[in-house]
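**Q** This is the structure, below, for whatever I ask next.
The values are calculated or read from the model by the stated rules, or taken from the named source; none is laboratory data. Please read all numbers here as calculations on a predicted model, not as lab measurements. Virtual Cβ from ideal backbone geometry, glycine too; neighbours counted across all protein chains shown.
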Amino acid sequence: MTVPDHYNDPTVKTRHANTAQVTVDGELIAEIVGLSVRESGGTDGSYAVGDAKPKEHIHNRWTCSGNMNRFVWRESALSKWNMGGTGLLNLSTFEITAIDEVDGSVLFTVTGCTMSDRDLSLQANQRIMSNMSFLAMDLVEGEAPELSGSYLPELEPYADVEGMLNPGDGGGDGSNLT
């Protein structure tokens, strides 16, 4: 089979994700056959008294959620994501990476994903597959930067107020009060 000429022309490219992978702590644990990701701006209308139509729309919160269809586990994932009990409530966060197989580029990465529900399908002579819904902390175009393990911003200690202890000093016993 020959590759059509437009595959080699960088000015003509239809982007498509042939592979979507799931990683936990940097370890590839699954591949996804179907993936849908939704972003919401939490848009609300701003209304005036007596008006039925909004005066403007306000984007007041951002959320990202999605579904993975036919989530195919690798053997290493079975011990990390076992079914039953309260295991679902204690799972690690994970990342999803969509990859264009034509040039190997990362289309997008969904980070800080937390599973919200799942089902499992076992069929004779077939791979173990699952469907899953998740919530995410961020959706990044391309490859996500390395994360420090926390999605919460670093808290800066507050400045000293005359005669008050700054908790960032670590004193705690009042010994550094002036």
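**Q** Residue by residue through the stretch 51-75, note down the ones that are not basic (Lys, Arg) and not in a strand (DSSP E or B). Spell out how you get there, then give the answer.
**A** The initial filter retains those residues of the stretch 51-75 that are not basic (Lys, Arg), namely 51-52, 54, 56-60, 62-69, 71-73, 75.
Within the stretch 51-75, ASP51, ALA52, PRO54, ASN60, TRP62, GLU75 meet the criteria.
**Q** Sort out which residues of the stretch 102-136 are hydrophobic (A, V, I, L, M, F, W, C) and more than 16 Å from the chain's Cα centre (by Cα), and write them in order of number. Spell out the reasoning first.
**A** First, pick out the residues of the stretch 102-136 that are hydrophobic (A, V, I, L, M, F, W, C): 102, 106-108, 110, 113, 115, 120, 122, 124, 128-129, 132, 134-136.
VAL102, LEU120, LEU122, ALA124, ILE128, MET129 - these are the residues of the stretch 102-136 that are hydrophobic (A, V, I, L, M, F, W, C) and more than 16 Å from the chain's Cα centre (by Cα).
**Q** Can you tell me which of (1) touching a Leu at 6+ places or on another chain (Cβ under 9 Å); (2) modelled with pLDDT under 65 is the one LEU152 doesn't meet?
**A** The single condition LEU152 does not satisfy is (1).
**Q** While we're looking at this one, here's another question. List the pairs whose first member sits in the stretch 89-116 and is under 13 Å from GLY66 (Cα atoms), whose second member is assigned to a loop (DSSP other than H, G, I, E, B) and at pLDDT 90 or above, and whose Cβ atoms are under 9 Å apart, counting only residues at least 6 apart or on separate chains?
**A** VAL110/MET137; THR111/MET137; GLY112/MET137; CYS113/MET137; THR114/MET137
**Q** Which numbered condition trips up ALA52, out of (1) aliphatic (A, V, I, L, M); (2) within 20 Å of the chain's Cα centre (by Cα); (3) at pLDDT 90 or above?
**A** The failed condition is (2).
**Q** I'd like to know if the stretch 141-149 contains one or more residues that are at pLDDT below 80, of a type in the set (Ser, Thr, Tyr) and part of a loop (DSSP other than H, G, I, E, B).
**A** Looking for residues that are at pLDDT below 80, of a type in the set (Ser, Thr, Tyr) and part of a loop (DSSP other than H, G, I, E, B), one finds at least one in the stretch 141-149, hence yes.
**Q** Would you mind stating whether VAL102 is at pLDDT 75 or above, in a loop (DSSP other than H, G, I, E, B) and of a type in the set (A, V, I, L, M)? Walk me through it before giving the result.
**A** Details: at pLDDT 75 or above: yes; in a loop (DSSP other than H, G, I, E, B): yes; of a type in the set (A, V, I, L, M): yes.
It is true that VAL102 is at pLDDT 75 or above, in a loop (DSSP other than H, G, I, E, B) and of a type in the set (A, V, I, L, M).
**Q** Still on this structure, please answer the following. Looking for whichever is at negative phi, modelled with pLDDT of 90 or more and of a type in the set (Asp, Glu) here; the options are GLU39, GLU27, GLU31. Which one fits? Spell out the reasoning first.
**A** Numbers: GLU27 fails: modelled with pLDDT of 90 or more; GLU31 fails: modelled with pLDDT of 90 or more.
None of the others qualify; the one that does is GLU39.
**Q** Could you give me the residue pairs with C-beta distances under 8 Å whose first residue belongs to the stretch 121-145 and is in contact (Cβ under 8 Å) with a residue 24 or more places away in the chain, whose second residue is assigned to a loop (DSSP other than H, G, I, E, B) wherever it lies, and which are 6+ apart or on separate chains?
**A** Here the result reads ILE128/LEU122; MET137/THR93; MET137/TYR151; ASP138/ALA144; ASP138/TYR151; GLY142/SER105, each pair linking the stretch 121-145 to a residue that is assigned to a loop (DSSP other than H, G, I, E, B).
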